[in-house]
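Please treat every number below as a calculation from the coordinates, not as lab data. If you're wondering where the values come from, they're calculated on a predicted model, not measured in any experiment. Cβ placement follows ideal geometry from the backbone for every residue including glycine, while neighbour counts extend to all protein chains displayed.
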Amino acid sequence: MTHEPLRSIAIIGGGTAGWMTAAALARVLGRPDLTITLVESEEIGTVGVGEATIPPLLAFNSLLGIDEDEFIRATGATFKLGIEFVDWLHHGHRYFHPFGNYGVDFGPIPFDGLWHRLRQNGDNTPLEDYSICALAARQTRFDRPSGGTNTPLGHIGYAFHFDAVRYAAFLRDHAEKAGVIRKEGKVTQVQQDGETGFIASVQLASGEQIAADLFIDCSGFRGLLIDQTLEAGFEDWGHWLPNDRAVAVACERSGPLTPYTRSTAREAGWQWRIPLQHRVGNGYVYAGAHLSDEAAEEALTTSLEGPMLGTPRLLRFRAGRRKSFWAKNCIALGLASGFLEPLESTSIHLVQAGIARLLEMVPTRAFEPADIRRYNRLMTAEFASIRDFLILHFHATQRADTPYWDHLRSMPIPDSLAERIAIYRATGRVFREADELFSKTSWLAVMHGQGLQAAGYDPLADGMPLAEAQARLQRVAQVTAAAARQMPDHADFLRRRCGVSDPAFLNTVLTS
């Protein structure tokens, strides 16, 4: 191997992960002497029940030069202001994890410190009253950010719900127009260099050989290259995240087009609701040790808001990650790199994060070991921080109605999460470590929503007189509520601002 630039990249597997990778690499690395090939088989189906995302996807779409309104129309997308959690703390309890932020900081004095201080002085203003995303979601309203930083309308954070199959097709079109070559076929054999162990080529069922300098494994859970060939290993997190299967099905929608995902805690897991323009995606994620597949399917199908669209599909998985995401000349992305259940809509983000790290550290044909070590270190930290955030939802609960919840409430947790919880319980402080995914807003929303109580507050909050703090936060809540009331109806925004004109969607909107 030499330090010459890459001459060829082969992406093994399509779907969302494969075509995100292909589109991004073609956009950033595209040059006449670089060949990018994607291999996929139409015989390997995908599950298209609706996909929920988080705000970083906006940056990815922007990188590709995607027009957002075109994307909305092409993928059946709706907007997402956050996630509503139902029955997680106890039956009958709800809270909202919003995008954007809570209130505003006052110089060095953090909003959350003031809020905790006021609570300890008898102020019971709900945390959600300080979030324009939470208030708008409750009113089924949506708008894009506007007006700069001096208004809550300038702090709207949002993401999308969309049809993952349509999104992959949309990206495929972008990638192929940018020069990506698609090869139809199943990989039947992988050839390695006898001296280095690097992957030299893959052979398709047709007999065609696809050689490349760099291979991207987007083959799903099986990890055809990273695991079956290079034996990178797997770190199992099932003892912390015991859900290992899901049953999923779409249904017709009834009622308003809500701009948020709903997650409802169930007997042995949780149920998602993802509203698209043309249907609602539903799924029950559960632990097979606590619930049978038949019982899970019955629980899901008897709780749908409308007639099913298709047959329920069973998915099996393991929570955890590859011990190495990059081994030799192969990088795993998507399900091939690991799986963290979809509770906080992080699956697509982890693909995006892997692509971003790769673009930071595009290798030469020498594949420097230091580059590989750094990539693996950063992706390990990314997975671990998201893992801790997910565990928080299951562990911090008052539910004791089933063995499943008893286990999760009492199980040992990672030291890194235990430290965060201890800090919050003492002072109410939350932190965003380095450039980890979840912000202070996210940690505060879930810690408070899951019932953790703070004994004190951030000492910085004492830098403002109590009466002034009360007046300022009251004003913030009033301005935030007024701004939310100005926002248009979500469905009307899609119709008027994004050009959505599907007759079935419009009929549902007009009668809801």
Query raised in the report: What are the lysines whose alpha-carbon lies under 26 Å from the alpha-carbon of residue 440, with same-chain residues fewer than 8 places away excluded?
Result: 80
Requested in this report: Treat the range 245-315 as a sphere of radius equal to its Kirkwood radius over Cα pairs and apply Stokes-Einstein at 37 °C in a medium of 0.692 mPa s; give the translational diffusion coefficient in µm²/s, rounded to a whole number.
Outcome: 270
Report task. Give me the aspartates and glutamates in straight-line cross-link reach of residue 186: C-alpha distance below 18 Å, same-chain residues under 8 apart excluded. Result -> 40, 42, 43, 208, 217, 227
Query raised in the report: Which of the lysines could be linked to residue 183 by a straight reach, that is with a Cα gap under 25 Å, when you skip same-chain ones fewer than 8 residues away?
Result: 328
Report summary line: Lys and Arg at +1, Asp and Glu at -1: neighbours of residue 499 with Cβ under 9 Å from its Cβ sum to +2
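Let me make sure I get this right: for the range 431-497, a, b and c are the square roots of the gyration tensor eigenvalues over alpha carbons, sorted descending. Under 1.5 in a/c it's rounded, otherwise prolate if a/b > b/c, else oblate. Which is it? Before the final figure, lay out each step's value.
Numbers: a/c = 2.55, a/b = 1.42, b/c = 1.80.
Oblate.
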Report summary line: Taking a ≥ b ≥ c as the square roots of the Cα gyration tensor eigenvalues, with a/c under 1.5 meaning rounded and otherwise prolate when a/b beats b/c or oblate if not, the range 341-409 comes out prolate
Query raised in the report: Summing -39500 (n - 2.57) over the DSSP H runs of n ≥ 4 in the chain and dividing by its residue number, what mean residue ellipticity at 222 nm do you reach, to the nearest 500 deg cm²/dmol?
Result: -11000 deg cm²/dmol
Requested in this report: Arrange the following residues from fewest to most other Cβ atoms within 10 Å of their Cβ: 218, 498.
Outcome: 498, 218
Query raised in the report: How do the peptides 68-76, 329-337 rank, highest first, by the average count of neighbouring beta carbon atoms within 10 Å per residue?
Result: 329-337, 68-76
Query raised in the report: Pulled fully out, how much extra length does the chain show between residue 402 and residue 431, if you take 0.36 nm times their separation in residues and subtract their Cα-Cα distance?
Result: 7.2 nm
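Within the set of other residues whose C-beta is less than 13 Å from the C-beta of residue 413, count the net charge using Lys and Arg as +1 and Asp and Glu as -1.
Cβ neighbours under 13 Å give a net charge of 0.
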**Report entry** Amide H within-cut-off set for residue 287, under 5 Å, with H built and near neighbours excluded
**Finding:** 244
Query - For 36, 181, order by how many other beta-carbon atoms lie within 10 Å, fewest first - result: 181, 36
Requested in this report: Using the Kyte-Doolittle scale, find the helices of the chain whose mean hydropathy is at least -1.0 and whose Cα atoms extend 24 Å or more along the helix's long axis, counting only whole DSSP H runs.
Outcome: 369-395, 466-486
